[in-house]
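Undergrad: Quick one: the structure is below, questions incoming.
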Amino acid sequence: MDWHLECSECGTTQSADGLATVCVCGRPWLVRYPNRLHPLVERDEARRDQGMWRFRSFLPLRPGESAISLGEGDTPLLQVPRLAAALGMTRLWIKDEGINPTGSFKARGLSAAITRAVAAGASSFTLPTAGNAGVAAAAYGARAGVKVRVYAPRTTPKLILAQIVLNGAELILLDGHIGDCGKASRTYAADSGALDLSTLREPYRIEGKKTLGLELGDQMEWVLPDAVIYPTGGGTGLIGMWKVFHELKEAGWVNGNLPRMFTVQSTGCAPVVKAFESGAAGCEPWPEPWTVASGLRVPGPLGDRLMLRALRESRGGAVAVSDDALTSAAALGSRCEGIDFSPEGGAAIAAMKALLSRGVLQLDQRVVLFNTGAGWLYRNPEELLGTFA
Ligand SMILES: *Cc1c(COP(=O)(O)O)cnc(C)c1O
């Protein structure tokens, strides 16, 4: 391989041959590509291709290999003048990840993870999910012709559960949250030999998420925004973008300051916000986590230290917003712009408001908010139809 693995905590390195999980110290691997070249002409060449895999020189694919793909990536970066005006701003964008196959940015990570694992010989997978990762794992598993088992909380939105089953995965519902599902998934992996695709328990989902940052660079003519606001659960989006911003800087594809990275969580489950505010290096597990933004219901993320490092290194921050605030912000966004905001995307809008009112961000700054998933997956059709009966 022309890349290797480096432990994000203890710095140990290891060959990337075979199936990768986590370092012996228990912390996540990061992928390093010391020999890759990124000539500037490639920036323009990449424009002529389609999908997230067009940024080949930053991604874990060898010459001659093809990715397991459903056409993920290339999501629109939309200028949102009416939403911006509602907030008093002038230069605001939404990166709409709900447009991806399977309805969320999870498609990017699972395309990369399943591509690498299948190339290394894996044929059976397991994954705990707060929702959307399960849909993506099921779909990319079907695409690869491999077996996928998904563990999800019983409280996961019903349409998300339906999509998991429709894409052919075996769905196991548990009482509790994603942490409880993670324990069951790891037990099953140990007993059956299935590969556990949990966030940061294998190194390649992060690599797929890097394409969020690569596309942002491309779509903004390689002048990155002042700030990025990202709704965070397990942290792959935030960690992946921060990793690739450094890779882009080193490659000379971007100049100037890197964006300040802000995370938003729900007040019902805000372990990263709490750790950020207290100055801690890692998170304490959040007791009794609950939020309607199911993607943010991650009480004890394995990537906690990596997330906190990204927030601090970038001089960013962390904000918690209530479920009421994120729900009404999602509705405002859809009303203003016709974008199908998920509750998590709504949280990013609510965080924007909070950061403006605290004076952390200014009205004239260039800010990108991520709508990480499609809103329709969270709706209750019976309730909605009742509204029109
Ligand atoms: C998973 C998910 C998140 C959180 O992403 P992480 O990479 O786990 O931090 C945010 N929004 C949506 C819609 C999700 O599905």
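Undergrad: Kindly provide the set of residues from the stretch 306-322 that are surrounded by fewer than 20 Cβ atoms within 10 Å (Cβ to Cβ) and either within 18 Å of the chain's Cα centre (by Cα) or within 14 Å of the ligand (Cβ to nearest atom) (or both), ordered by number. Even if it seems obvious, please write down each step before you answer.
TA: Applying the first criterion (surrounded by fewer than 20 Cβ atoms within 10 Å (Cβ to Cβ)) to the stretch 306-322 yields 309, 312-313, 315, 322.
Selection gives 309 alone.
Undergrad: Restricted to the stretch 232-284, and to residues that are part of a helix (DSSP H, G or I) and of a type in the set (S, T, N, Q), which residue is modelled with the highest pLDDT? Lay out the reasoning, then the answer.
TA: At the first step, the residues of the stretch 232-284 found to be part of a helix (DSSP H, G or I) are 236-251, 271-278.
With of a type in the set (S, T, N, Q) added as a condition, the list becomes 236, 278.
Values: 236: 94, 278: 98.
Ranking the qualifying residues of the stretch 232-284, first place goes to 278.
Undergrad: Related question: Among (1) surrounded by 13 or more Cβ atoms within 10 Å (Cβ to Cβ); (2) of a type in the set (Ser, Thr, Tyr); (3) free of Cβ contacts under 8 Å to residues at least 12 places away in the same chain, there is one condition residue 342 misses while meeting the rest; what is its number?
TA: Residue 342 satisfies all of (1) surrounded by 13 or more Cβ atoms within 10 Å (Cβ to Cβ); (2) of a type in the set (Ser, Thr, Tyr); (3) free of Cβ contacts under 8 Å to residues at least 12 places away in the same chain except (3).
Undergrad: In the stretch 216-230, is there at least one residue being in a helix (DSSP H, G or I), within 16 Å of the ligand (Cβ to nearest atom) and in contact with a Lys or Arg (Cβ under 8 Å, 6 or more places away or on another chain)? Quick ask: steps written out before the conclusion?
TA: Of the stretch 216-230, the ones in a helix (DSSP H, G or I) are 216-219.
Now narrow it down to the ones that are within 16 Å of the ligand (Cβ to nearest atom): 216.
Keeping just the survivors that are in contact with a Lys or Arg (Cβ under 8 Å, 6 or more places away or on another chain) gives 216.
For the stretch 216-230, residues in a helix (DSSP H, G or I), within 16 Å of the ligand (Cβ to nearest atom) and in contact with a Lys or Arg (Cβ under 8 Å, 6 or more places away or on another chain): present.
Undergrad: Tell me, which helices (runs of 4 or more DSSP H) wholly within the stretch 299-389 include 3 or more residues that are farther than 25 Å from residue 260 by Cα and not assigned by TED's automatic domain parsing to the domain that holds residue 84?
TA: Details: elements: 304-313, 323-337, 343-357, 381-388.
Those helices (runs of 4 or more DSSP H) span 381-388.
Undergrad: Okay, moving on. State which residue is farthest from the ligand (Cβ to nearest atom) when the search covers only the stretch 331-359 and only residues that are under 19 Å from the mean Cα position of the chain (by Cα) and charged (D, E, K, R).
TA: 340
One line per residue, one yes/no per condition, for (1) surrounded by fewer than 14 Cβ atoms within 10 Å (Cβ to Cβ); (2) of a type in the set (A, V, I, L, M):
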residue: 6; (1), (2): no, no
residue: 17; (1), (2): yes, no
residue: 20; (1), (2): no, yes
residue: 29; (1), (2): no, no
residue: 32; (1), (2): no, no
residue: 37; (1), (2): yes, yes
residue: 61; (1), (2): no, yes
residue: 70; (1), (2): no, yes
residue: 75; (1), (2): no, no
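Undergrad: Another one. Can you spot a residue in the stretch 64-79 that is on the phi < 0 side of the Ramachandran plot and over 23 Å from the mean Cα position of the chain (by Cα)?
TA: Just the residues of the stretch 64-79 that are on the phi < 0 side of the Ramachandran plot, to begin with: 65-70, 72, 75-79.
Add one more test, that the residue is over 23 Å from the mean Cα position of the chain (by Cα), and what stays is 65.
Within the stretch 64-79, one or more residues are on the phi < 0 side of the Ramachandran plot and over 23 Å from the mean Cα position of the chain (by Cα).
Undergrad: Right, another one. With the structure loaded, tell me whether residue 160 is under 28 Å from residue 289 (Cα atoms), touching a Lys or Arg at 6+ places or on another chain (Cβ under 7 Å) and in contact (Cβ under 8 Å) with a residue 60 or more places away in the chain or whether it fails that test.
TA: Details: under 28 Å from residue 289 (Cα atoms): yes; touching a Lys or Arg at 6+ places or on another chain (Cβ under 7 Å): no; in contact (Cβ under 8 Å) with a residue 60 or more places away in the chain: yes.
In short, no.
Undergrad: Having 1 or more residues that are away from the ligand (no atom under 13 Å from the Cβ) and without any contact (Cβ under 8 Å) to a residue 12 or more places away in the chain is the bar; report the helices (runs of 4 or more DSSP H) wholly within the stretch 57-144 that clear it.
TA: On the way: elements: 81-87, 106-119, 132-144.
Here the list reads 81-87.
The values are calculated or read from the model by the stated rules, or taken from the named source; none is laboratory data. Here the structure is a predicted model, which is why all the values come from computation and not from measurement. Cβ atoms come from the backbone with ideal geometry, glycine included; neighbour counts cover every protein chain shown.
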